[in-house]
Every structure is written in C-alpha cells, then in structure tokens.
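*Asks:* Just passing along the structure, written as structure tokens.
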Amino acid sequence: MDQPIWDWNMAWQVLPDLLLAFVKVTLVVTVLGTIIAAVLGLVIAIVRRSAPQPISGIVGFIVNFIRMTPIVVQLMFAYFAFTSIDAMTIGIVIFGIHYSTYMSEVYRAGIEAVPVGQWEASTALSMSRTRTWVAVIIPQALRATIPALGNYAISMFKDTPFLVAIGVVELVQAGLEFGGNHFTYIEAITMCGVIFLIASYPTSLLVGRLEKRLAFTH
C-alpha cells in the first residue's frame, strides 16, 4: 500500500521542534538583527548626509558593496574569517549589517523629505547641529520611514533560512532534520511555511495599516 502524502501525526510531532527553533533562533536573529540594522542604518544615513565628501563617498561605496553581494556569501565569509565567534552571533551581526544598508536608504529618503524650512528655522534659532538632528530632523524622518523599516524587518525574517549556510539550525533546517530522521519531508516543510505565514502576515497587515494612518495624518 502506498504511503499517504500527508500524515497529521507527523505534522503534530514536528511542531514542537519547529516552534523551539523559531523562538530560539529565527525570532532572536530577526529581532536583534532588526535593532542593529535600524540603529546602524540611521548612523549611515546621517554620515552620508552630513560628512565631508571623502568620508561620505567611502561609506557610500561600502554600502553599495554590501547591498550588491549575496547575504549567504557575507555569512560564509564572516563565519570562516572569525572562527572564534559562534555562528549565531555572526548571523545576527551580518543580518544587521546587511539590512542596515537598505534601511539607510529609507532613512535618507525620510531625511530628504524634511522641508528645508525646518533646517532654516533651526539655524535661525541658533540650534547646534546635533540638537537640530536630534530634536527636529530625526523625529520627522522617522515618522515617514517606520512602515518601510517594518517591511525590511519582515524581509529579514523570511531570509533567516540562509543561516543554514553557517550551520545554524533555524526553523527550516529543523524541519529538514526532522524530515531526514523520519524519511518524510512534506509535513515538516509545510508546517514551516505555516509558521512563517502566521508570523509574517499579521505583521505585514499592521505595517500596511500604520502606513495608511501616517499618510492620513501627514
């Protein structure tokens, strides 16, 4: 008798392993990576906007280089170059650096969207450059960029299976290992997809709703 295509017992059996990998690896990498990317991306945007041309040009070259090389290559390079650092930490840092280059462009667009009058008013009030950035420019830029930053966080979440390249057992790899041990993959991979969907779809709806609200109140 042929083996059935789908076995509910296997689907429920793999679920605890998948949820554990999701919480311990996938979610941690996404949250910490997003924090790194958001902070570093803002720094990059400010440097490219206000630093002298040689520095701004060098930073721009580095940003473009990182954006134009696959994240898998970056993960493997860092993994073999920094052998004293555990793979999980490397994954978090590389994801953060990689996505900071994209978020920096979002920040730049938000900064450029701030009316010139805001800069002129800050100058007229004799505000220092640092105070102008912190109290005037960055708050207005963030208001316009939050939805786009959320979309990149979702993209990072969906890219976490690339961690398998450096031996990190995240959600999908946990499913593959279960499938290899039980000689059936369809249930494990399907449940991985369901978990990704349940986690990312409501977040995308929230980001979309936030984008509409900010556009309405702008």
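*Asks:* Normalising by the residue count of region 8-214, find the relative contact order in percent from Cα pairs under 8 Å and 6+ residues apart.
*Replies:* Value for region 8-214: 31 percent.
*Asks:* Can you pull the percent of the chain's accessible area that's carbon plus sulfur, 1.4 Å probe, other chains left in place?
*Replies:* 69 percent
*Asks:* Choose one of A109, I186, G175: the residue whose Cα lies farthest towards the positive end of the charge dipole of the chain (beta-carbon charges +1 Lys, Arg; -1 Asp, Glu; about the Cα centre).
*Replies:* A109
*Asks:* With the contact rule set at Cα under 8 Å and sequence spacing of 6 or more, what percent relative contact order holds for region 66-174?
*Replies:* 35 percent
*Asks:* Calculated from the structure, Rg and Dmax of the Cα atoms in Å equals which of (1) 21.4, 84; (2) 17.5, 52; (3) 19.2, 61?
*Replies:* (1)
*Asks:* Could you do me a favour and compute the accessible area per residue for region 8-214, 1.4 Å probe, result in Å²?
*Replies:* Accessible surface, normalised per residue, equals 54 Å².
*Asks:* Let me ask something else about it. If you place +1 on the Cβ of every Lys and Arg and -1 on the Cβ of every Asp and Glu, how big does the dipole about the Cα centre of the chain come out, in debye to the nearest 20?
*Replies:* Computed about the Cα centre, the dipole is about 1140 debye.
*Asks:* Tell me, how many Å apart are the Cα centres for region 138-209 and for region 1-32?
*Replies:* 13 Å
*Asks:* Which one, V72, W8, Y152, projects farthest toward the positive side of the charge dipole computed for the chain from Cβ point charges (K/R +1, D/E -1)?
*Replies:* Y152
*Asks:* In a GNM of the chain with a 10 Å cut-off on Cα contacts, which of V116, V106, V72 has the highest mean-square fluctuation?
*Replies:* Its mean-square fluctuation being the largest, the pick is V116.
*Asks:* Of M103, M156, M191, which is the most mobile in a GNM of the chain whose springs link Cα atoms less than 10 angstrom apart?
*Replies:* Comparing M103, M156, M191 in a Gaussian network model of the chain, the most mobile one is M191.
*Asks:* Count the net charge of all other residues whose Cβ sits under 14 Å from the Cβ of D159, scoring Lys and Arg as +1 and Asp and Glu as -1.
*Replies:* Computed value for this residue: +1.
*Asks:* Taking springs between alpha-carbon atoms closer than 10 angstrom, which of N181, N64, N151 fluctuates most in the Gaussian network model of the chain?
*Replies:* N181
*Asks:* May I pose another question? How far, in nm, would the chain grow between Y185 and N151 when pulled straight, counting 0.36 nm per residue and subtracting the alpha carbon separation?
*Replies:* The span from Y185 to N151 would gain 9.3 nm if fully extended.
*Asks:* Rounded to whole Hz and in sequence order, give me ³J(HN,Hα) for region 160-166 from the Karplus expression 6.51 cos²θ - 1.76 cosθ + 1.60, θ = phi - 60°, writing x for Gly and Pro.
*Replies:* Using θ = phi - 60°, the values come out as 4, x, 5, 4, 4, 4, 10 Hz.
*Asks:* Can you tell me the 0 to 90 degree angle between the C-alpha axis of helix 53-67 and the longest principal axis of the chain, rounded to 10?
*Replies:* So the inclination is approximately 20 degrees.
The values are calculated or read from the model by the stated rules, or taken from the named source; none is laboratory data. Quick caveat, the model's predicted, so the values are computed rather than measured. Positions of Cβ are backbone-derived with ideal geometry, glycine not excepted, and every protein chain shown enters the neighbour counts. Quick note on the areas: whole protein, heavy atoms, side chains included, nothing else; ligands and nucleic acids left out. Shrake-Rupley method; radii C 1.70, N 1.55, O 1.52, S 1.80 Å.
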